[in-house]
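This report concerns only the one structure given below.
The values are calculated or read from the model by the stated rules, or taken from the named source; none is laboratory data. Predicted model only: the values in this text are computed from it and were never measured. Counting neighbours? That spans all protein chains shown, and the Cβs are built from the backbone with ideal geometry, glycine included.
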Amino acid sequence: MKPRVLHRRRRLALPACLAALALLVVATAVFGQEVKDLIVGPATAYNPIHDHAPSALEESQFRRVYDALCDASCGPIKLTRNITVPTAAMVVQLRGARLIYSPTFMDTIMKIYGPSAPLGVFAHELGHLLDFRRGNVGWMHNSWDRELRADSWAGCALAKLNMPQRDTSGVLQALAQSPTHSHPDWTKRVEALKKGYAQCGGQPHILDTLPLEQYGQTSASPNQ
Ligand SMILES: [Zn+2]
């Protein structure tokens, strides 16, 4: 009896092993994709347990940027507050994209720069998604890293939003504060922003008369 049981176990063991192997391959493929998620921004401590719905104002500002900048390549994006994110970040997963941001950071920049302040931050993060989905587009320098390409998309969004100079100034000052640790020098960011702004039909007199270089010298970030 005993050898027969063992034999049956062996016969069962091979398909079971093959099934487990197949499951492992599938799981690796799926999970590997998850691990390779694009998480751009200082979001290494991001914990989805703390996800919360945005405020009505944040949601409406996000919609403005989304409608101005996004085509079908953006797809649906979930806007999410999360206290574990220092400033803001874009997360791209198999199940969809998510723009996550710190409510503290967002409250701070809105208090200092006004209710339009989230526009630039959201535009930069959407820029990461467009960059991820579409790659380097014609007007961008080959030497630009993905942060500068995202900034250039943000400049494009500002052009399309066509805001008065005062609002544009506040938005750019807020953008200069986010996120500061992983980004290139502000002077290079200004160059990328200007290029995107001009490329998308922005009014030259609005940016040209703003002291953009000075915006990188102040700090409103709660995480500096
Ligand atoms: Zn970024």
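Which number in (1) within 16 Å of the ligand (Cβ to nearest atom); (2) touching a helix residue (DSSP H, G or I) at 6+ places or on another chain (Cβ under 7 Å) marks the one condition that Gln61 misses?
Every listed condition holds for Gln61 apart from (1).
Residue pairs, Cβ under 8 Å, 6 or more apart or interchain, first in segment 104-123 and buried (at least 19 other Cβ atoms within 10 Å of the Cβ), second among the charged types (D, E, K, R). List them.
If the second residue must be among the charged types (D, E, K, R), the pairs left are Met106/Glu58; Met106/Arg81; Ser116/Asp167; Pro118/Glu58; Leu119/Arg64.
Consider Val91 against the criteria (1) at pLDDT 95 or above; (2) closer than 18 Å to Lys78 by Cβ: it satisfies all of them except one. Which criterion is unmet?
(1) is the only condition that Val91 fails.
How about segment 56-74: which of its residues are without any contact (Cβ under 8 Å) to a residue 24 or more places away in the chain and over 17 Å from Gly120 (Cβ atoms)?
Those that are without any contact (Cβ under 8 Å) to a residue 24 or more places away in the chain and over 17 Å from Gly120 (Cβ atoms): Ala56, Asp71, Ala72.
What number of residues within segment 98-118 satisfy the criterion of being outside any helix (DSSP H, G or I), within 16 Å of the ligand (Cβ to nearest atom) and over 17 Å from Trp153 (Cα atoms)?
Result for segment 98-118: 4.
May I ask you to list the residues in segment 124-140 that are without any contact (Cβ under 8 Å) to a residue 24 or more places away in the chain and either assigned to a loop (DSSP other than H, G, I, E, B) or closer than 11 Å to Met90 by Cα (or both)?
Gly135, Asn136, Val137, Gly138
Across segment 131-173, what is the number of residues that are of a type in the set (A, V, I, L, M, F, W, C), more than 12 Å from the ligand (Cβ to nearest atom) and closer than 17 Å to Arg64 by Cα?
Total satisfying the criteria: 8.
Output yes when any residue across segment 167-175 is in the same structural domain as Gly75 (by TED's automatic domain parsing), among the charged types (D, E, K, R) and at pLDDT below 95, and no when none is.
yes
Filter segment 75-95 for residues that are farther than 16 Å from Glu147 by Cα and part of a strand (DSSP E or B) and give the result.
Step one: of segment 75-95, the residues farther than 16 Å from Glu147 by Cα are 75-86, 93-95.
If the condition is that a residue be farther than 16 Å from Glu147 by Cα and part of a strand (DSSP E or B), then Ile77, Lys78, Leu79, Thr80, Arg81, Asn82, Gln93 are the ones that fit.
If Asn82 passes every condition in (1) within 17 Å of Gly202 (Cα to Cα); (2) more than 12 Å from the ligand (Cβ to nearest atom) but one, which one does it miss?
With respect to (1) within 17 Å of Gly202 (Cα to Cα); (2) more than 12 Å from the ligand (Cβ to nearest atom), Asn82 is out only on (1).
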